[in-house]
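See structure below.
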Amino acid sequence: MEPRILGLHHVTAIAGNAPRNYDFYTRVLGLRFLKKTVNFDDPGTYHFYFGDETGSAGTILTFFPWEHITAGRRGTGQATEIGYSVPAGSLDFWMQRFDANGITYNKPSEKFGERYLTFLDPDGLKFELIMSKTPDARTPWTTAEVSAEVATKGFHTVTLTLSSTQATAEILTDVFGYTLLEKHVNRSRYVTDTVPGGAQYIDLVEASGEARAITAGGSVHHIAFRVKDDEAELYFRQKLVARGLQPTPQIDRDYFHSVYFREPGGVLFEIATDNPGFTVDEPLAELGTHLMLPTQHEHLRPQLTQRLPSVG
């Protein structure tokens, strides 16, 4: 059997102030803080990971918090919305919670037969809380303030805004094995049947007259698709090479192995493995409680401990 893409693996975005980012996602949104590490290419900057209890693929949201980053601008060539799956009847809770914490949101609306609530994080990153019409059996991370009856379960959809969707759609269907599920006006929803119930949808919005995005604070940096292991990843890398897309070599990111490429619409895509996972350097009960450094940056620990702001 040929390897398959197993839906979304993670989404990585850009933030500003690190303590504010940590507070919003752990306290307000109620995600688990999975890993406190640094940017491989800029070790003076944190790399935060949030998700469910174990850091399951399809729940992992990561951030590069650059303190003085300018604000980005949503537009074409970018992932513009991150959709989380939430339980039925939970939107009132979230509106009250956003009111109490000064979070910008819109009144609930509906698309593709699903109710959803749009909100912005403190840096302007756009999200949707979606009451999925497909049963979602994933177990959420819960806190004293965010119970299982309302908690996010992981990703539902990521939306890409593009000047033209055709070439991107061909990558999703011809390379990644997605199929077109529904279309309404300029929005097309693609789905994979490999992970029923969660992290299985990609929406493509065609906006030919919209300006090109500026990727900075409050922007998605890249989205990652999940594969089981290295063998599957290299299989898809070869398929991308055959299409002339110039993917990177496989890169070890400590918690997964990665291949990156720029899809034809301009969005940075990653293919990420399940292995080795987040417990490779911390026990499950202690995830996110230590500053974990890539081996090549371990010698910088004394300086980084002094330089990086305190969180957690």
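The values are calculated or read from the model by the stated rules, or taken from the named source; none is laboratory data. Note that this is a predicted model, so its numbers are computed, not measured. For neighbour counting, all protein chains shown are included, and Cβ atoms are generated from backbone atoms with ideal geometry for every residue, glycine included. With ligands, DNA and RNA removed, areas are computed over all heavy atoms of the protein, side chains included. Shrake-Rupley method; radii C 1.70, N 1.55, O 1.52, S 1.80 Å.
Matching residues to (1) modelled with pLDDT of 95 or more; (2) more than 21 Å from I14 (Cβ to Cβ); (3) in a loop (DSSP other than H, G, I, E, B); (4) open to solvent by 60 Å² or more (accessible area, probe 1.4 Å):
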{"site": "G209", "(1), (2), (3), (4)": "no, yes, yes, yes"}
{"site": "H222", "(1), (2), (3), (4)": "yes, no, no, no"}
{"site": "D254", "(1), (2), (3), (4)": "yes, no, yes, no"}
{"site": "T273", "(1), (2), (3), (4)": "yes, yes, no, no"}
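Any idea how many residues of the stretch 79-115 are outside any helix (DSSP H, G or I) and either among the β-branched types (V, I, T) or open to solvent by 40 Å² or more (accessible area, probe 1.4 Å) (or both)? Write out each step before concluding.
Going through the stretch 79-115, the residues outside any helix (DSSP H, G or I) turn out to be 79-90, 101-115.
Remaining after also requiring either among the β-branched types (V, I, T) or open to solvent by 40 Å² or more (accessible area, probe 1.4 Å) (or both): 80, 82, 86, 88-89, 101-107, 109-110, 113, 115.
So the answer is 16.
Looking at the stretch 47-63, is at least one residue without any contact (Cβ under 8 Å) to a residue 24 or more places away in the chain and farther than 30 Å from A167 by Cβ? I'd like the intermediate steps shown before the answer.
In the first step, residues of the stretch 47-63 are kept if they are without any contact (Cβ under 8 Å) to a residue 24 or more places away in the chain; the result is 47.
Restricting the remaining residues to those that are farther than 30 Å from A167 by Cβ gives 47.
Yes, the stretch 47-63 contains at least one residue that is without any contact (Cβ under 8 Å) to a residue 24 or more places away in the chain and farther than 30 Å from A167 by Cβ.
Pull up the stretch 154-179, narrow it to residues that are assigned to a strand (DSSP E or B) and of a type outside the set (A, V, I, L, M, F, W, C), then point me to the one that is farthest from H10 (Cα to Cα).
So the first thing to find is which residues in the stretch 154-179 are assigned to a strand (DSSP E or B), and the list is 154-162, 179.
Restricting the remaining residues to those that are of a type outside the set (A, V, I, L, M, F, W, C) gives 154, 156-157, 159, 161, 179.
Numbers: G154: 10, H156: 12, T157: 11, T159: 14, T161: 18, T179: 20 Å.
By that ranking, first place goes to T179.
Scan the stretch 157-186 for residues that are of a type outside the set (G, A, S) and open to solvent by 40 Å² or more (accessible area, probe 1.4 Å) and jot them down.
Kept after step one, since they are of a type outside the set (G, A, S), are these residues of the stretch 157-186: 157-162, 165-166, 168, 170-176, 178-186.
Once the filter is applied, which keeps residues that are of a type outside the set (G, A, S) and open to solvent by 40 Å² or more (accessible area, probe 1.4 Å), the stretch 157-186 yields Q166, E170, T173, D174, T179, L180, L181, E182, K183, H184, V185, N186.
Take A216 and tell me if it is of a type in the set (A, V, I, L, M), closer than 23 Å to M1 by Cα and either out of contact with any strand residue (DSSP E or B) (no Cβ under 8 Å at 6 or more places or on another chain) or open to solvent by less than 60 Å² (accessible area, probe 1.4 Å) (or both).
Numbers: of a type in the set (A, V, I, L, M): yes; closer than 23 Å to M1 by Cα: no; either out of contact with any strand residue (DSSP E or B) (no Cβ under 8 Å at 6 or more places or on another chain) or open to solvent by less than 60 Å² (accessible area, probe 1.4 Å) (or both): yes.
No.
Say we look at the stretch 41-78 and pick out the residues that are in a strand (DSSP E or B) and among the β-branched types (V, I, T); which of these is nearest to G265 (Cα to Cα)?
Here is the first cut: in the stretch 41-78, the ones in a strand (DSSP E or B) are 46-51, 60-65, 71, 73, 76, 78.
Going one step further and asking which of them are among the β-branched types (V, I, T), we end up with 60, 62, 76.
Working: I60: 24, T62: 23, T76: 8 Å.
That would be T76.
Quick one: D229 ticks every box in (1) of a type outside the set (V, I, T); (2) open to solvent by less than 70 Å² (accessible area, probe 1.4 Å); (3) within 30 Å of H68 (Cα to Cα) bar one, so which box is it?
Evaluating D229 over (1) of a type outside the set (V, I, T); (2) open to solvent by less than 70 Å² (accessible area, probe 1.4 Å); (3) within 30 Å of H68 (Cα to Cα) leaves (3) as the failure.
Tally the residues that are over 18 Å from A151 (Cα atoms) and open to solvent by 10 Å² or more (accessible area, probe 1.4 Å), restricting the search to the stretch 15-33. Steps first, answer last, please.
Step one: of the stretch 15-33, the residues over 18 Å from A151 (Cα atoms) are 15-21.
Then keep just the ones that are open to solvent by 10 Å² or more (accessible area, probe 1.4 Å); that gives 17, 19-20.
Residues meeting the conditions: 3.
Surrounded by fewer than 17 Cβ atoms within 10 Å (Cβ to Cβ) and at pLDDT below 95: does that describe T134? Quick ask: steps written out before the conclusion?
Values: surrounded by fewer than 17 Cβ atoms within 10 Å (Cβ to Cβ): yes; at pLDDT below 95: yes.
Here the answer is yes, as T134 does meet what is asked.
So the check is Cβ under 6 Å with 6+ separation or different chains; which pairs have a first residue in the stretch 193-205 that's at positive phi and a second one that's of a type in the set (F, W, Y) and open to solvent by less than 10 Å² (accessible area, probe 1.4 Å)?
A199/F155
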